[in-house]
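Chemist: Right, I'll just put the structure down here and ask away after.
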Amino acid sequence: QVQLVESGGGLVQPGGSLRLSCAASGIFFSINAMGWYRQTPGKERELVAVITRGGTTTYADSVKGRFTVSRDKVKQTVYLQMNSLKPEDTAVYYCNAQYVGQPYWGQGTQVTVSS
């Protein structure tokens with residue numbers, strides 16, 4: 001059974017940094033893509049950043065230049081380094097993995113940017 005376990009969320013002041021991690025288990029084949037989405041109450045879940053098996057990255061316009069997604073294929077882990085955080089980055093962040101044609105999701109981790 002595929003499981004994604006996130007860590008690293010929390011409370012940070014505007015302008016601060018956080019690093020999210022997501023470790024996958026129950027994996028027997030290569031994961032196609034891994035990434036991060038976020039959701040706030042009353043809104044749809046939105047893409048933040050994705051990295052493919054080949055290392056190609058895609059970012060939401062709102063986070064370009066501030067967030068960096070990376071991946072350790074040996075550890076089956078994806079990271080999201082978030083710098084220059086803004087209050088509007090406050091959301092529940094979800095890890096996503098595209099594996100054997102199926103999307104898998106983590107349980108979500110809260111990120112709150114507030115002074």
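The values are calculated or read from the model by the stated rules, or taken from the named source; none is laboratory data. Bear in mind the structure is a predicted one, so any value in this text is a computation, not a measurement. Glycine gets a Cβ as well: all are built from the backbone with ideal geometry, and neighbour counts include every protein chain shown. Surface areas here come from the heavy atoms of the whole protein model, side chains and all, with no ligands, DNA or RNA. Shrake-Rupley method; radii C 1.70, N 1.55, O 1.52, S 1.80 Å.
Chemist: I need a count of the residues in the stretch 33-64 that are within 17 Å of Tyr99 (Cβ to Cβ) and surrounded by 15 or more Cβ atoms within 10 Å (Cβ to Cβ).
Modeler: Of the residues in the stretch 33-64, 8 are within 17 Å of Tyr99 (Cβ to Cβ) and surrounded by 15 or more Cβ atoms within 10 Å (Cβ to Cβ).
Chemist: Here's another thing I want to ask about it. Are there any pairs with C-beta distances below 8 angstrom linking a residue in the stretch 78-94 that is closer than 14 Å to Pro14 by Cα and part of a helix (DSSP H, G or I) to a residue that is open to solvent by 40 Å² or more (accessible area, probe 1.4 Å) and modelled with pLDDT of 95 or more, with the two at least 6 apart or on different chains, and if so which?
Modeler: What qualifies is Pro87/Pro14; Pro87/Ser114; Glu88/Ser62.
Chemist: Separate question: Which condition number does Ala97 fail, the rest of (1) of a type in the set (Gly, Ala, Ser); (2) closer than 21 Å to Val12 by Cβ; (3) in a strand (DSSP E or B) being met?
Modeler: Going through (1) of a type in the set (Gly, Ala, Ser); (2) closer than 21 Å to Val12 by Cβ; (3) in a strand (DSSP E or B) one by one, Ala97 breaks only (2).
Chemist: Pairs needed: first member in the stretch 49-71, more than 14 Å from Leu20 (Cα to Cα) and in a loop (DSSP other than H, G, I, E, B); second member anywhere, modelled with pLDDT of 95 or more and open to solvent by 70 Å² or more (accessible area, probe 1.4 Å); C-beta distance under 7 Å; at least 6 residues apart or different chains.
Modeler: Pairs that qualify, where the first residue is more than 14 Å from Leu20 (Cα to Cα) and in a loop (DSSP other than H, G, I, E, B) and the partner is modelled with pLDDT of 95 or more and open to solvent by 70 Å² or more (accessible area, probe 1.4 Å), are Ala60/Glu46.
Chemist: Here are some conditions: (1) surrounded by fewer than 19 Cβ atoms within 10 Å (Cβ to Cβ); (2) under 11 Å from Asn96 (Cα atoms). Ile27 meets all but one. Which one does it not meet?
Modeler: Going through (1) surrounded by fewer than 19 Cβ atoms within 10 Å (Cβ to Cβ); (2) under 11 Å from Asn96 (Cα atoms) one by one, Ile27 breaks only (2).
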